[in-house]
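Novice: I'd like to ask you about the structure that follows.
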Amino acid sequence: MTSRGRVAVAALLIVGAVAYSSWLLEFVVDTEIDPLRGFASELAATDQRHGALFRTGDLVAGCTVAVAGVLGLWRYSQGWATAIGWFALCVFGVATALDSRMPMSCAVTSDPLCAAREDSGQLPLSHELHAVTSTSASTGGVVSALAFALAACLYGWPRWLTLTGAAVSAVVVVGTAWTLAAAAIRGEHDVWLGLGQRVQLLAFSGWLIFVSLSVLHVTGENDGST
């Protein structure tokens, strides 16, 4: 690949970051989801008025990131750490795309009837599978963020890039831990599940931008050498 190829991969990651931030439109369009307490995935639920908009955002994000991940793994793996990072990024992209095709059926945090149907197992299989794809996407994101942050330290990346990677990966871990803990005790304690997940989503978008910068400023210099 030429330098234009590196720019193309970085551009795909930027597009993915923007598309993955489509949940921010909840502050523009009228939704019934509480941003402090509701799952961001509920914005894309099939019974939501603007659900198609948010599902499209996730689909675009997943597809562009998956393509960037494949190209990065093929050409820009600087070593084992970045190889893991690119592979995990592919997992994140594919899982996010599948996430958009298997959305939640309804908003469990704001619709008592939906919550009751979920507890009794009366919702479609796609609703249950959504948890699997979301978990896979989060896992891929966390692993990739940590792998690239580690690569910055191992391979002597510029200090500003290393510090950026450390900061982004730290917020990714905090946001993910917050989301998991809040989801586990949902219904018993109000720990602002929605806010925690949105911190996680912002961190994931920041991580995609960080990886795009690494392509342009570091890994691209090796033209895919390992």
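The values are calculated or read from the model by the stated rules, or taken from the named source; none is laboratory data. In this text the structure is predicted, and so the values were computed from the model without any measurement. Ideal geometry is used to build each Cβ from the backbone, glycine not excepted, and the neighbour counts take in all protein chains shown. When the accessible area is computed, the model is the full protein with side chains, heavy atoms only, and any ligands, DNA or RNA have been set aside. Shrake-Rupley method; radii C 1.70, N 1.55, O 1.52, S 1.80 Å.
Novice: Would you please put 113-120, 130-137, 210-217 in order of how densely packed they are, using the mean number of other Cβ atoms within 10 angstrom per residue and starting with the highest?
Specialist: 210-217, 130-137, 113-120
Novice: Here is a further query. How would you rank 54-62, 143-151, 171-179, highest first, on the average number of other Cβ atoms within 10 Å across their residues? Intermediate values should be presented prior to the final figure.
Specialist: Values: 54-62: 22.1, 143-151: 23.9, 171-179: 19.3.
Top to bottom by mean Cβ count within 10 Å: 143-151, 54-62, 171-179.
Novice: If you rank Glu128, Glu26 by how much accessible surface each has, with a 1.4 Å probe, what is the order from largest down?
Specialist: Heavy-atom accessible area, descending, gives Glu128, Glu26.
Novice: Hey, with R₀ at 30 Å, roughly what FRET efficiency would Val173 and Val132 work out to, going by the Cβ-Cβ distance, to 0.05?
Specialist: For Val173 and Val132, the calculated efficiency is 0.90.
Novice: Here is a follow-up. What are the membrane-span-like helices in the chain by this rule: whole DSSP H runs, Cα extent along the axis at least 15 Å, mean Kyte-Doolittle hydropathy at least 0.0?
Specialist: 3-20, 51-75, 80-101, 125-154, 159-184, 193-217
Novice: Another question about this same structure. Once the Cα gyration tensor of the chain is found, what semi-axes does its equivalent ellipsoid get, as square roots of 5 times the eigenvalues, in whole Å, sorted largest first?
Specialist: Over the Cα atoms of the chain, the ellipsoid semi-axes are 33, 17, 14 Å.
Novice: Per residue, how large is the accessible surface of the chain? Use a 1.4 angstrom probe and give square angstrom. Don't jump to the answer; show the numbers that get you there.
Specialist: Values: 10280 Å² over 226 residues.
Normalised by residue count, the accessible surface of the chain is 46 Å².
Novice: Could you pull out every Cys in the chain that lacks a partner Cys with its beta carbon under 4.7 Å away?
Specialist: Cys63, Cys90, Cys153
Novice: Right, another one. When the convex hull of the C-alpha atoms of the range 1-121 is computed, what volume per residue in Å³ does it have?
Specialist: So the per-residue hull volume is 118 Å³.
Novice: What is the dipole size for the range 106-226, taken about its Cα centre, with +1 at each Lys and Arg Cβ and -1 at each Asp and Glu Cβ, in debye to the nearest 20?
Specialist: Roughly 260 debye, rounded to the nearest 20.
Novice: Let me ask something additional. State the three equivalent ellipsoid semi-axes of the range 88-221, derived from the C-alpha gyration tensor as the square roots of 5 times its eigenvalues, in descending order and whole Å.
Specialist: Semi-axes (√(5λ), whole Å): 34, 16, 10.
Novice: Calculate the radius of gyration of the Cα atoms of the range 54-143 to one decimal place, then report Dmax, the largest Cα-Cα distance, as a whole number, both in Å.
Specialist: Over the range 54-143's Cα set, Rg and Dmax evaluate to 15.8, 51 Å.
Novice: Could you compute the FRET efficiency for Ser120 and Ala8, with r as their C-beta to C-beta distance and R0 at 45 Å, rounded to 0.05?
Specialist: That pair, Ser120 with Ala8, gives E of 0.40.
Novice: Right, here's the next one. I need the Debye-formula profile for the range 109-177: one equal scatterer per C-alpha, no solvent, reported as log10 I(q)/I(0) at q = 0.17, 0.25 1/Å, two decimals.
Specialist: Taken in order of the listed q values, log10 I(q)/I(0) reads -0.70, -1.02.
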